[in-house]
Amino acid sequence: MDKQKIVWITGASSGIGKALAVKFALNGVHVAAAARRKNLLDSIKGELGNNSTFFHGYKLDISDFESVEAFYKEISGNFEVECLINNAGTTSFQNAIDNSFDEIKNIISVNLLGSIRAIKSVLPGMIERKSGTIINILSVVTQKIFTASSAYSASKSGLHAYSKVLREEIRDKNVRIINVSPGATATDIWPEGALKRYSERMMNADNIADLVYRVYSEKSNMVSEELVLRPIKGDL
Ligand SMILES: NC(=O)c1ccc[n+]([C@@H]2O[C@H](COP(=O)([O-])OP(=O)(O)OC[C@H]3O[C@@H](n4cnc5c(N)ncnc54)[C@H](OP(=O)(O)O)[C@@H]3O)[C@@H](O)[C@H]2O)c1
């Protein structure tokens, strides 16, 4: 019997990842929602009512690379992971001179290496099945220079470059690689002061989730490969 298909979303406990997990689950898509704060994942499941059966919450630190591979083995025993959404992310809003090396290491480990670890887990199965989708939630830092984001920009631009090369290497394997680069979005990644000042102008995580779901749902031989999303009033 064919396994049930599932979408693996990293960093699904808050912000854009939570909005994505809710959107997919409400549309009857099974979601493996992973993050460190399992209590938040349990609350999200509780909010989903009848659709809670589509939401499967898992505790996972994406920077613990061995656990990422073990996690994939666990879910792929029961489900076919047809889509990976690399959403987990962190930053520190510090100038390069003030960033400690430990902070830099954490940002690169979560945003870049954790995402690549997850891609390396799902890729062989997708190539074998000749089907699958990998969606990376990047950032407008892949398009433009923002100060106080050197490590973050390196991590997001690194994943951008990695994914663009991967896309060309597997053109004939029917695996979609979709890069989404949002601008300022009102989530907890921002310091409280910035949210107070700018949240009206920022994008809403639910709108990003709606768009990603539409792109994921495209059934033709067309793929939206690169999406840059900004608030109408532009960057902050
Ligand atoms: N908000 C924006 O303006 C904006 C703009 C462009 C791109 N983005 C990107 O959007 C993505 C989501 O961020 P957000 O804005 O929604 O912020 P958020 O609300 O702070 O969400 C970040 C998510 O990443 C998870 N995460 C962080 N470190 C992790 C780790 N070591 N292991 C597993 N999960 C981890 C967090 O879960 P736990 O803490 O529970 O582990 C949380 O669910 C990030 O990749 C971010 O770079 C955001």
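Numbers for the structure displayed
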read-out	value
Test for residue 140: is it near the ligand (Cβ under 10 Å from one of its atoms) and either under 17 Å from the mean Cα position of the chain (by Cα) or modelled with pLDDT of 95 or more (or both)	yes
Residue under evaluation residue 208, criteria (1) over 24 Å from residue 154 (Cα atoms); (2) under 16 Å from the mean Cα position of the chain (by Cα); (3) among the β-branched types (Val, Ile, Thr), criterion not met	(1)
Counted residues, the range 187-205 - those being of a type outside the set (Phe, Trp, Tyr), within 23 Å of residue 159 (Cβ to Cβ) and part of a loop (DSSP other than H, G, I, E, B)	4
Test result for residue 210, closer than 19 Å to residue 29 by Cβ and either in contact with a helix residue (DSSP H, G or I) (Cβ under 8 Å, 6 or more places away or on another chain) or within 13 Å of the ligand (Cβ to nearest atom) (or both)	yes
Hits in the range 206-236 (condition: part of a loop (DSSP other than H, G, I, E, B) and over 17 Å from residue 7 (Cβ atoms))	220, 221, 222, 225, 230, 231, 232, 233, 234, 235, 236
Checking residue 2 against (1) more than 23 Å from residue 202 (Cβ to Cβ); (2) at pLDDT 95 or above, the condition it does not meet	(2)
Residue in the range 151-169 that is over 12 Å from residue 138 (Cα atoms) and outside any helix (DSSP H, G or I) present	no
Number of the exception - residue 100 against (1) within 17 Å of the chain's Cα centre (by Cα); (2) surrounded by fewer than 19 Cβ atoms within 10 Å (Cβ to Cβ); (3) away from the ligand (no atom under 14 Å from the Cβ)	(1)
Condition met for residue 58 (part of a strand (DSSP E or B), within 16 Å of the ligand (Cβ to nearest atom), under 18 Å from the mean Cα position of the chain (by Cα) and at pLDDT 95 or above)	yes
Positions within the range 26-55 being touching a Lys or Arg at 6+ places or on another chain (Cβ under 7 Å), within 20 Å of residue 209 (Cα to Cα) and outside any helix (DSSP H, G or I), in sequence order	30, 55
Output for the range 128-150, where each listed residue is farther than 21 Å from residue 114 by Cα and in a helix (DSSP H, G or I)	128, 129
Matching residues, the range 114-146, being within 17 Å of residue 185 (Cα to Cα) and among the charged types (D, E, K, R)	144
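For every residue, the table says whether it meets (1) within 26 Å of residue 148 (Cα to Cα); (2) touching a Cys at 6+ places or on another chain (Cβ under 8 Å); (3) near the ligand (Cβ under 9 Å from one of its atoms).
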position	(1), (2), (3)
3	no, no, no
12	yes, no, yes
25	no, no, no
28	no, no, no
34	no, no, yes
65	no, no, no
79	no, no, no
84	no, no, no
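Table: residues versus (1) farther than 29 Å from residue 154 by Cα; (2) free of Cβ contacts under 8 Å to residues at least 40 places away in the same chain; (3) surrounded by 20 or more Cβ atoms within 10 Å (Cβ to Cβ).
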position: 4; (1), (2), (3): yes, no, no
position: 9; (1), (2), (3): no, no, yes
position: 20; (1), (2), (3): no, no, yes
position: 28; (1), (2), (3): yes, yes, no
position: 35; (1), (2), (3): no, no, yes
position: 43; (1), (2), (3): yes, yes, no
position: 64; (1), (2), (3): no, yes, no
position: 70; (1), (2), (3): no, yes, no
position: 87; (1), (2), (3): no, no, yes
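The values are calculated or read from the model by the stated rules, or taken from the named source; none is laboratory data. All values derive from a computational prediction rather than experimental measurement. All Cβ positions, glycine included, derive from the backbone under ideal geometry; neighbour counts span all protein chains shown.
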